[in-house]
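Heads up, the thing below is written out as structure tokens.
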Amino acid sequence: MSSPSASASSSLTPKKRRLWPWLLSVAVIGGGAWYATHRPAPDAGADGGGKQAGGPRGGPGGRGDRPTPVSLAEIKPGDIRVTVPALGNVVPRNQVTVRSRVDGQLLALKFTEGQPVKAGELLAQIDPEPFKATLEQARGQLARDAALLKNAKIDLDRYKGLLAQDSIARQQVDTQEALVRQYQGTVQADEGTVKSAELQLSYTKITAPIAGRAGLRTVDPGNMIKASDTAGLVTIAQVSPITAVFSVPEDRLPAVMQRVRDRKGLKVEAWDREMKVLLATGDLLAVDSQIDTTTGTVKLKAAFANKDGSLFPNQFVNVRMLLDTLTGVVTVPTAAVQQGAKGSYVYRLGADSKVAAVPVKLGPVDAGMAAVDEGLAAGDKVVVDGLDKLKDGAQVEAIDPKAVTAPGREKKRGNGSGGGRPGH
């Protein structure tokens, strides 16, 4: 008879046999993972491509001793416009709120909202009947008093004849002369009343005081309107020509006033909010009479023909006022200019295809180009793209930006005539 311990050992043997394959798989997987993470680094240059173990390809820049691809631009003489930037708002040359000059019922509106109107054009009609009645009453009063005046003059002539015959007293003639003068004054007042009534009647036809664009109406036909209504009927804005008001720093004022005194005129450009579209070109019209001490700026006004209606009242615009034009100066793309602790600098290409950080002193900037006062000369080549990978003395190679960005094309390096470097 077998012992209990021997029986138990015999019963566990099949279970152990089933666990062995699973334990062996876990051991193989764990060993492979350890080897992948702890394998020794290969020797530098073992792959023939300059790779280094444990780090990016080619060293800190990820390129090793390979030249850095960059885009270059050649420094050339050019023209730079000296402009004064400013923010402005478009203001109508003239703007009028059309109001009624008499009280009455509005019968009809004769204009179309948002459309141009001419000076003197009929805009609205007020009920004229009450004013016609007032005019007829004034004319009747004038006719009555004119008849009394005529009769008083006839009596005066008769009294003068009798006085010559010594048939009446002098006092009666003097009294008649005073009566004639009284009637003359009454008739003159009646004539003024008639003219006033005629004028009030003419006000029932509301006409455009200026030419311009009509806005939205503020009242509908059938309503009673009054001369005291502040909103009026409609606003007319003269938009051709139109003006823009903008402010410039006071330190720019001497140069501006010099041009004004010389009567040379100053051109002004109006651009859209994103500075992408030139909306209109005009001329400086006026300079304000004082400087705003709170902002240190002075207001200026420019006029634009605006025949195409590109400028609209109260529109925000970016203003560029042309002060001068520098011709034949050395220019550099602003994309090439970097800022450092010592000021502005560019990466200039040397004869050995290495770049050097060259400090530059810049002048006015216009349309992505800056005038160079010191640091560069015509014919120099500077880096305009790929600057984030450069440092002083770095080896570079020129690439063709068009070949890089063209759809379906691979990068072309060097002079843009060949494909990529071998092995890349």
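The values are calculated or read from the model by the stated rules, or taken from the named source; none is laboratory data. Quantities reported herein were computed from a predicted structural model and do not represent experimental measurements. Note: ideal-geometry Cβ built from the backbone for every residue, glycine included; neighbour counts use all protein chains shown.
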So which residues in segment 239-265 are more than 19 Å from the chain's Cα centre (by Cα), surrounded by 14 or more Cβ atoms within 10 Å (Cβ to Cβ) and not β-branched (Val, Ile, Thr), if there are any at all? Glu250, Arg252, Leu253, Ala255, Arg259
Within segment 145-180, track down each residue that is among the β-branched types (Val, Ile, Thr) and at pLDDT below 90. Ile168
Answer from Asn314, Asn306 - the residue that is buried (at least 18 other Cβ atoms within 10 Å of the Cβ) and modelled with pLDDT of 85 or more: Asn306
Exception for Lys226 within (1) surrounded by 17 or more Cβ atoms within 10 Å (Cβ to Cβ); (2) assigned by TED's automatic domain parsing to the domain that holds Ala108 falls at (1)
Residues of segment 317-360 being charged (D, E, K, R) and modelled with pLDDT under 85, in sequence order, are Asp324, Lys342, Asp352, Lys354
Here the residues within segment 226-250 that are farther than 23 Å from Gln115 by Cα and in contact (Cβ under 8 Å) with a residue 40 or more places away in the chain are Lys226, Ala227, Asp229, Val245, Phe246, Ser247, Val248, Pro249, Glu250
Whether any residue in segment 333-341 is part of a strand (DSSP E or B), in contact (Cβ under 8 Å) with a residue 60 or more places away in the chain and out of contact with any Leu (no Cβ under 9 Å at 6 or more places or on another chain) is what I want to check. yes
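Residues are listed down the side, and each one gets a yes or a no for (1) at pLDDT 95 or above; (2) among the small types (Gly, Ala, Ser); (3) part of a strand (DSSP E or B); (4) surrounded by 14 or more Cβ atoms within 10 Å (Cβ to Cβ):
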residue: Ala86; (1), (2), (3), (4): no, yes, yes, yes
residue: Val90; (1), (2), (3), (4): yes, no, yes, yes
residue: Leu106; (1), (2), (3), (4): yes, no, yes, yes
residue: Gly114; (1), (2), (3), (4): no, yes, no, no
residue: Leu123; (1), (2), (3), (4): yes, no, yes, yes
residue: Phe131; (1), (2), (3), (4): yes, no, no, yes
residue: Thr134; (1), (2), (3), (4): yes, no, no, yes
residue: Ala138; (1), (2), (3), (4): yes, yes, no, yes
residue: Ala143; (1), (2), (3), (4): yes, yes, no, no
Within the set of pairs 6 or more residues apart or between chains, which connect a residue that is among the basic types (Lys, Arg) inside segment 156-179 to a residue that is at pLDDT below 90 and outside any loop (DSSP other than H, G, I, E, B) with Cβ atoms less than 9 Å apart? Arg170/Leu163
Tabulated pairs, segment 269-293, first free of Cβ contacts under 8 Å to residues at least 24 places away in the same chain and outside any loop (DSSP other than H, G, I, E, B), second small (Gly, Ala, Ser) and surrounded by fewer than 14 Cβ atoms within 10 Å (Cβ to Cβ), C-beta under 7 angstrom, 6+ apart or interchain: Asp283/Gly265
